[in-house]
1. May I ask you to list the residues in region 210-263 that are among the β-branched types (Val, Ile, Thr), surrounded by 15 or more Cβ atoms within 10 Å (Cβ to Cβ), part of a loop (DSSP other than H, G, I, E, B) and over 20 Å from the mean Cα position of the chain (by Cα)?
2. Restricting to region 264-277, count the residues that are buried (at least 19 other Cβ atoms within 10 Å of the Cβ) and among the aromatic types (Phe, Trp, Tyr).
3. Can you tell me how many residues within region 142-160 are assigned to a helix (DSSP H, G or I), touching a residue at least 24 places away in the same chain (Cβ under 8 Å) and either out of contact with any helix residue (DSSP H, G or I) (no Cβ under 7 Å at 6 or more places or on another chain) or surrounded by fewer than 16 Cβ atoms within 10 Å (Cβ to Cβ) (or both)?
4. Which members of region 46-61 meet the condition of being part of a helix (DSSP H, G or I) and not basic (Lys, Arg)?
5. Scan region 62-71 for residues that are in a loop (DSSP other than H, G, I, E, B) and buried (at least 19 other Cβ atoms within 10 Å of the Cβ) and report the count.
6. Can you name every residue in region 57-91 that is in contact with a helix residue (DSSP H, G or I) (Cβ under 8 Å, 6 or more places away or on another chain) and not aliphatic (A, V, I, L, M)?
7. Residue 79: surrounded by fewer than 19 Cβ atoms within 10 Å (Cβ to Cβ) and not aromatic (Phe, Trp, Tyr), yes or no?
8. Could you list all residues from region 76-108 that are part of a helix (DSSP H, G or I) and under 19 Å from the mean Cα position of the chain (by Cα)?
Amino acid sequence: MAVFHQLNNLPSFTKPVLTIGSFDGVHHGHKVILSEVVKAAKDIGGESILITFEPHPRKIIHPEQPLGLLTAPEQKIDLILATGIDHIVVVPFNRDFSMLSATEYVEDFLLKNFNPHTIIIGYDHHFGHSREGNIDLLKKLVPPEVTIVEISAQLIEQAAVSSTKIRNALLNGGIHIAAEMLERSYSYKATVVHGDKIGRTIGYPTANLKPVYSDILIPGIGIYAVMAEWKGNLFKGMMSIGYRPTVTEEKILTCEVNILDFNEDLYGQVLTVHFVQYIRGEEKFESLDDLKKQIALDEMHTRLILG
């Protein structure tokens, strides 16, 4: 297994079987597609290759739109390799690449760099500038010895719809729904940064978190039971995502986690937060004492959830 980040150092692959896409989240639908690629490569004694792009094409084509991705690049690579794919080629996506015509994309990018034996893509796959290319054009542009395999509409719909469903679930408190589709808990890495330290004044010190990958999706506003991973160990915690209306009127979204039974200095450290369950929405309390009482109830609830 190997990961390539530049096109100019690719080896000569053996009977390469290609698939192409963003595969954000590497969820159940994606895994079904990737298993088809792995199987096809094994059947002919070839190598399975996934071509993806970094940054996500939408960041270049529509920079004004927030991405809200489900996986950071290194996490996506690890998840893809775990499916049995032989190689991942992460193509640097920039404005020049986005301007390639469909013909240039096939002839100067796919054929020249990969010399594919088989290309496995969906019936609705589009490529080239303004997404002008489709599977029918691809079949016309590749040599007759290249096999084009069309992924069924059913599998494509399963993959495409699930990404949207996962994002919507995470934004609306459906942590368990997202986990089922991802086949794992939703998680991301974050650096512990300095906050205003109000939590420690009421007996619940929190670690303020800044996502390592700025384009990652932050779940919806609320209180969550989480597991915080640090230095290979898992710790139980409760996480708040919101605007902290009880202590400030500033509309600045903050993410902070209170790690239970924990007393270490985490400033500057990187944690991985695994979301387990949504507990409640954000509320504005009349006083810090009222907030403290609610946090005590949240702690009880969190301990029950996390066992």
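1. 246, 247
2. 1
3. The qualifying residues number 3.
4. Residues satisfying the conditions are 57, 60, 61.
5. Looking only at that region, the number is 2.
6. 57, 65, 68, 71, 83, 84, 86, listed by residue number.
7. no
8. Within region 76-108, 76, 77, 78, 79, 80, 81 qualify.
Coordinate-derived values only; no laboratory data. All of these numbers come straight from a predicted model, not from anything done at the bench. Reconstructed Cβ throughout: ideal geometry from the backbone, glycine too, with neighbour counts over all protein chains shown.
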